[in-house]
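For reference, the structure discussed in these notes is given below.
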Amino acid sequence: MERRIAIQKLKQLEGQDLHALAHELGVTVLAPNGKVNKGWAGHVCERYLGLPLNSAQSPNFGSWELKSIPLKRRNDGTLTFKETMAVTMIDPYNVARTPFEESHLLSKLRKAVIVARIVGGSYSEPTMVLSVTGIDLNDELYSIVEQDYNTVRDCINDEARGFSSLTGKMGVYIQPRTKGSGHGSVSRAFYARTSFLARIIDLSE
């Protein structure tokens, strides 16, 4: 399925409750242990498109990749991003030797299809789809993201710092952050800050 067609079809979900669709499509939201199944909202969208579930690092559907972004309401009723967006893992060997225009980071961003959904205080509350958006890196965004990538690349290539010195404080829009659970994790991934998401997703209703 082409990215353009997927966006057109997913846009039909705008304004709908993904919980209701999960029930209709047989997607389990709660695991037997009572915990919420991570990624259930994305699985609902994939089932809706008639595509098999896929957790591989490569784009889910070849030419594009689905990203499900949760939004929450502030006390004044306005919407804000609940978290940053994971983009792709950082392979230090690859990043050190790859310019931005050939990078996995740029490829992933260009292939992303973002489903922004409004979540409640608990899993049982409705999860409404606000919008479906493809990332368009205009000249300004491209330049800033390229600088963020090169900040990471320069750190990795610096003998005095290296991969272990990467920190989430780096980057204007894209930050390198620890990936994985527990203390002592050494893996890193590129994350899009909420300030970047705000340039892509319109939070007005």
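The values are calculated or read from the model by the stated rules, or taken from the named source; none is laboratory data. Predicted model, so just to flag it, every value in this text is computed and none were measured. In this analysis, Cβ positions are derived from the backbone assuming ideal geometry, glycine residues included, and neighbour counts consider all displayed protein chains.
Overview of values
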| item | result |
| --- | --- |
| Those residues of the stretch 59-82 which are farther than 20 Å from LEU137 by Cα and either touching a residue at least 24 places away in the same chain (Cβ under 8 Å) or among the basic types (Lys, Arg) (or both), in sequence order | PHE61, PRO70, LEU71, LYS72, ARG73, ARG74, THR78, LEU79, THR80, LYS82 |
| Criterion (touching a helix residue (DSSP H, G or I) at 6+ places or on another chain (Cβ under 6 Å) and not β-branched (Val, Ile, Thr)) met by exactly one of ASN138, ASN157 | ASN157 |
| Filtered residues of the stretch 86-117 (kept if aliphatic (A, V, I, L, M) and either without any contact (Cβ under 8 Å) to a residue 24 or more places away in the chain or surrounded by fewer than 20 Cβ atoms within 10 Å (Cβ to Cβ) (or both)) | ALA86, MET89, ALA96 |
| Looking only at the stretch 34-46, and only at residues there that are closer than 18 Å to TYR123 by Cβ and in a helix (DSSP H, G or I), the one that is farthest from the chain's Cα centre (by Cα) | VAL44 |
| Unmet criterion (only one of (1) in contact with a Lys or Arg (Cβ under 8 Å, 6 or more places away or on another chain); (2) part of a helix (DSSP H, G or I)) for ILE114 | (2) |
| Matching entry among ILE135, ILE156, ILE144 (being under 21 Å from MET89 (Cα atoms) and in contact with a Leu (Cβ under 6 Å, 6 or more places away or on another chain)) | ILE135 |
| Test: residue in the stretch 159-177 that is crowded, with 17+ Cβ neighbours inside 10 Å and under 29 Å from THR28 (Cα atoms) | no |
| Leading residue by the ranking (nearest to ALA6 (Cα to Cα)) among those in the stretch 120-168 that are in a loop (DSSP other than H, G, I, E, B) and hydroxyl-bearing (Ser, Thr, Tyr) | THR127 |
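One line per residue, one yes/no per condition, for (1) hydroxyl-bearing (Ser, Thr, Tyr); (2) under 14 Å from the mean Cα position of the chain (by Cα); (3) modelled with pLDDT of 95 or more:
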{"position": "PRO92", "(1), (2), (3)": "no, no, yes"}
{"position": "ILE114", "(1), (2), (3)": "no, yes, yes"}
{"position": "PRO126", "(1), (2), (3)": "no, no, no"}
{"position": "GLY134", "(1), (2), (3)": "no, yes, no"}
{"position": "LEU137", "(1), (2), (3)": "no, no, no"}
{"position": "LYS169", "(1), (2), (3)": "no, no, yes"}
{"position": "PHE190", "(1), (2), (3)": "no, yes, yes"}
{"position": "ARG193", "(1), (2), (3)": "no, yes, yes"}
{"position": "PHE196", "(1), (2), (3)": "no, yes, yes"}
